[in-house]
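Participant: I'd like to ask some things about the structure below.
The values are calculated or read from the model by the stated rules, or taken from the named source; none is laboratory data. Computed from a predicted structure; not experimentally measured. No Cβ is skipped: glycine too gets one built from the backbone with ideal geometry, and neighbour counts run over all protein chains shown. Surface accessibility is based on the protein's heavy atoms, side chains included, excluding ligands, DNA and RNA. Shrake-Rupley method; radii C 1.70, N 1.55, O 1.52, S 1.80 Å.
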Amino acid sequence: VVVDDTGTYDLGPDGHDIAWYPSADSTPDFGRAHLLGRVLATSLHFRGALVLHGSAVAYDDGAAIFLAPKHTGKSTLALALTLAGARLISDDSLAVDPGAAPTVAPGIQSMRLVRDAAARLVGSLPSAPQSDGKVLLTDLPEERLETGRVPVRAIYLLTAAESIAENRAAD
């Protein structure tokens, strides 16, 4: 997979291995974004998964999936639910087995959030903002992370608010 502004990603024959050959002007943030977006989606598609742009959390009876365009609060909602007792399955990219009883597999268990939303949910911020202004959360407790496939019980389609007072992502 060749991405003009980040480089070339080579997929192994079984889709398990991905090698990145960055272009001269690429950055790790944009390399990660393309890897987690179109490259990982392509690899998972080759393995039979339905790949969705969203976040998912697990409860004892199954998974809740949140689908929406960029910047609509998927990660913020998933983190809030995780901190309230759910287990994070994946953020940003979901691999769903669309069989007779659909399941979602654990995936990306780090989260990129708008700075004010992250600060309100976790208090002190664990990292400096990335080049897109978001902060990366990588240190959720292991008991808050899902490690196995989970049956899909609910899918929510989120819609962006028309406007947010004072341009804040959370209150």
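Participant: Would it be correct to say that residue 62 is surrounded by 13 or more Cβ atoms within 10 Å (Cβ to Cβ) and modelled with pLDDT under 95?
Facilitator: Taking the combined requirement at face value, the residue does not satisfy it.
Participant: Among the listed residues 76, 42, which satisfies the condition of being of a type in the set (S, T, N, Q) and within 15 Å of the chain's Cα centre (by Cα)?
Facilitator: On inspection, the qualifying residue turns out to be 76.
Participant: Which one is nearest to residue 69 (Cα to Cα) among residues in the range 1-59 that are polar (S, T, N, Q) and open to solvent by 30 Å² or more (accessible area, probe 1.4 Å)?
Facilitator: This residue is 42.
Participant: While we're here: Filter the range 99-137 down to the residues that are modelled with pLDDT of 90 or more and within 14 Å of residue 51 (Cα to Cα), then identify the one that is surrounded by the fewest Cβ atoms within 10 Å (Cβ to Cβ).
Facilitator: The qualifying residue surrounded by the fewest Cβ atoms within 10 Å (Cβ to Cβ) is 103.
Participant: Next question. List the strands (runs of 3 or more DSSP E) inside the range 1-104, counting only whole elements, that have at least 3 residues being in contact with a helix residue (DSSP H, G or I) (Cβ under 8 Å, 6 or more places away or on another chain), free of Cβ contacts under 8 Å to residues at least 40 places away in the same chain and over 21 Å from residue 145 (Cα atoms).
Facilitator: 7-11, 18-22
Participant: Here's a follow-up. Taking the stated definitions as given, is residue 140 of a type in the set (A, V, I, L, M), out of contact with any strand residue (DSSP E or B) (no Cβ under 7 Å at 6 or more places or on another chain) and farther than 30 Å from residue 2 by Cα?
Facilitator: no
Participant: Any idea how many residues of the range 69-80 are at positive phi and surrounded by 15 or more Cβ atoms within 10 Å (Cβ to Cβ)?
Facilitator: Summing the residues that are at positive phi and surrounded by 15 or more Cβ atoms within 10 Å (Cβ to Cβ) in the range 69-80 gives 1.
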